[in-house]
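Working notes, structure below.
The values are calculated or read from the model by the stated rules, or taken from the named source; none is laboratory data. No experiment lies behind these values; they were computed from the predicted model shown. For neighbour counting, all protein chains shown are included, and Cβ atoms are generated from backbone atoms with ideal geometry for every residue, glycine included.
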Amino acid sequence: MKLARLIPVLIFYLLTLIYSCERDDPYIKVTEVSIDKSFLTIVESHTEQLNAVVSPFGATNKNVKWTSSNESVVTVDENGLLTAHKKGEANITVTTEDGSKTATSNITVRESWMSLSQDVIESAVTGGTFNIKLSASNNWSVVSNPQWVSVSPSSGTGMLVDSTSITVSITQIEATTLSRSGSVIFKLNNREYADTLLINQYNFSYSDGDHETIQSSSVGNGIDLVFVGDGYTLEEVRQGKYKNKLLEAIEHFFNIEPFRTYRNYFDVHIVYAFSEESGISDHINTKNTKFSSKYDSPNSTRMSVDQLLSFEYALKAPLISTLTETLVTVITNSTRFAGTNLSFSDGKSISIVPATNLPYPNDFRGVVQHEIGGHGFGRLADEYVQRNTSISAAEIDELKLWQGWGYFRNVDVTSDVNEVWWKHIIADPAFSYVGAYEGAYTYEKGVWRSEPSSLMNNNISYINAAGRELIVKQIKNLAGETFTFNEFKLRDVRETQALTRYTTATSNETLKLPPPVLIRVD
């Protein structure tokens with residue numbers, strides 16, 4: 001009897017328990033789905049994981065299906081793992097099993113790629129080791145190389161950001177062999193893409209980037225001059241044209257006062273640089289040369305050059321000083337009259353000088369002495385007139401700014417002989433020929449120079465007294481010696497013969513070298 005009464009009670013509690021459990025674990029529907037990468041760029045043969053985010057977090061059925069709109073470009077497996085097959089675009093869609101909610105990721109597949117830091121190695125007779133960088137999207141291997149060339153490592157992994165350092169070793173060439181060439185072929189594994197490194201070896205004593213010291217200083221700390229050439233092929237270098245032209249420029253540099261008197265203060269180096277093509281670029285023709293030297297326009301004497309590479313090659317010489325105290329010169333394999341100096345506010349300098357074949361005073365000597373000796377080392381301003389106007393207030397401010405940095409103190413914007421930069425020279429009876437002559441800094445009015453004619457006026461082989469003093473001050477400063485005006489006077493040489501040498505070429509307005517390119521360095 002009691003058992004019969006308990007059965008309904010037990011059934012009641014059992015039903016209550018079942019109902020309670022059903023309320024604790026209800027079915028939660030999917031409301032939306034997203035992909036953790038809405039846009040993605042991937043390289044051929046690479047893989048990438050996509051992840052689906054199903055909402056709400058506690059959804060009962062989170063099963064999804066992945067599909068690709070173009071499986072020839074990219075496929076996706078059941079877990080969202082992408083595999084890129086070829087260049088193109090595709091949409092990857094994820095669909096929920098519950099409610100068919102969808103989300104899409106836009107996929108771009110790029111071609112596999114490989115890049116070498118240089119395409120050519122030029123080697124001298126002894127061979128040696130050369131270091132290059134290789135960047136690749138995929139794993140790679142060396143599939144071919146000459147017997148006289150070894151490569152280490154010969155394989156590597158693809159790295160989208162970093163590059164691999166590779167050492168290329170070349171054996172010595174036989175004495176009876178004039179030259180030899182071969183190719184190292186790098187190939188992406190399981191891809192058709194390859195890149196080639198050409199190796200040229202010549203029976204010549206110097207490799208690209210090697211230096212040769214032409215002169216060592218015997219006084220002071222040593223002042224570095226570095227000469228390189230541009231537009232000279234390795235064959236032209238091997239035949240001696242490169243070195244001979246640089247040596248000629250060096251002799252021209254020192255064949256004027258005060259450089260002749262102070263020559264033993266200088267360390268002079270040449271650095272070998274081999275160009276793919278002979279000559280340099282202009283507005284019509286583009287030449288593949290080491291320093292990318294070029295004439296800026298058909299009627300201009302202004303030139304440009306790869307500044308960073310010029311400094312990089314200068315550093316291959318055994319410099320005593322820093323680049324801010326080193327004079328860098330690029331001699332170009334060309335004969336058109338032109339030339340340009342790049343002056344940096346921190347003291348660096350690059351002079352670009354073609355081997356012009358015009359007669360005196362606009363000859364190779366004239367351009368060397370004007371651009372390298374005058375602008376580059378002496379930091380002298382041009383003293384010729386090219387504009388029949390007065391200098392503007394803005395130009396005066398710019399001139400004074402650079403004069404504050406030690407440039408262009410051979411000109412002034414006052415005619416007062418008691419105020420000009422060279423007033424102490426005017427006051428000395430030994431320099432009675434020095435005064436203040438209007439017309440300089442390319443302006444006819446408002447700027448004065450110290451003498452009627454000089455190197456910075458018409459390229460004659462004569463630097464005026466104000467210019468000579470500024471150059472000697474620079475020599476003494478870089479040499480670590482103290483400048484005194486009395487010592488300057490004692491050693492000063494005035495080359496008056498250049499002043500009496502007349503030529504109609506000096507009046508040719510088309511033969512004016514451009515003012516320096518002024519580059520401020522923060």
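So, in the stretch 183-202, exactly how many residues are within 29 Å of the chain's Cα centre (by Cα) and not in a strand (DSSP E or B)?
Looking only at that region, the number is 1.
If I filter the stretch 328-348 down to residues being within 17 Å of the chain's Cα centre (by Cα) and buried (at least 24 other Cβ atoms within 10 Å of the Cβ), which single residue comes out as nearest to Ile460 (Cα to Cα)?
Ranking the candidates gives Asn341 first.
Restricting attention to the stretch 410-421, which residues are touching a Lys or Arg at 6+ places or on another chain (Cβ under 8 Å) and either crowded, with 18+ Cβ neighbours inside 10 Å or aromatic (Phe, Trp, Tyr) (or both)?
Once the filter is applied, which keeps residues that are touching a Lys or Arg at 6+ places or on another chain (Cβ under 8 Å) and either crowded, with 18+ Cβ neighbours inside 10 Å or aromatic (Phe, Trp, Tyr) (or both), the stretch 410-421 yields Asn410, Val411, Val413, Trp421.
Say whether the condition of being touching a strand residue (DSSP E or B) at 6+ places or on another chain (Cβ under 7 Å) and either in a helix (DSSP H, G or I) or not assigned by TED's automatic domain parsing to the domain that holds His375 (or both) is met by at least one residue in the stretch 423-438.
Checked against the condition, which is being touching a strand residue (DSSP E or B) at 6+ places or on another chain (Cβ under 7 Å) and either in a helix (DSSP H, G or I) or not assigned by TED's automatic domain parsing to the domain that holds His375 (or both), the stretch 423-438 yields no hits at all.
Need the failing condition index for Phe377 against (1) over 17 Å from Val447 (Cα atoms); (2) in contact with a strand residue (DSSP E or B) (Cβ under 6 Å, 6 or more places away or on another chain); (3) surrounded by fewer than 16 Cβ atoms within 10 Å (Cβ to Cβ), just the number.
(3)
Scan the stretch 256-274 and give yes if some residue there is of a type in the set (A, V, I, L, M, F, W, C), in contact with a Ser or Thr (Cβ under 6 Å, 6 or more places away or on another chain), at pLDDT 95 or above and closer than 24 Å to Thr324 by Cβ, otherwise no.
Checked the stretch 256-274: at least one residue is of a type in the set (A, V, I, L, M, F, W, C), in contact with a Ser or Thr (Cβ under 6 Å, 6 or more places away or on another chain), at pLDDT 95 or above and closer than 24 Å to Thr324 by Cβ.
Within the stretch 242-260, how many residues turn out to be more than 26 Å from the chain's Cα centre (by Cα) and within 23 Å of Phe274 (Cα to Cα)?
Residues that pass the stated criteria total 3.
Scan the stretch 384-419 for residues that are closer than 19 Å to Leu455 by Cβ and either at pLDDT below 95 or in contact with a strand residue (DSSP E or B) (Cβ under 6 Å, 6 or more places away or on another chain) (or both) and jot them down.
Within the stretch 384-419, Val385, Gln386, Val411, Asp412 qualify.
Checking the structure you have, find out if any residue of the stretch 97-104 is surrounded by 17 or more Cβ atoms within 10 Å (Cβ to Cβ), outside any strand (DSSP E or B) and at pLDDT 90 or above.
Yes: one or more hits.
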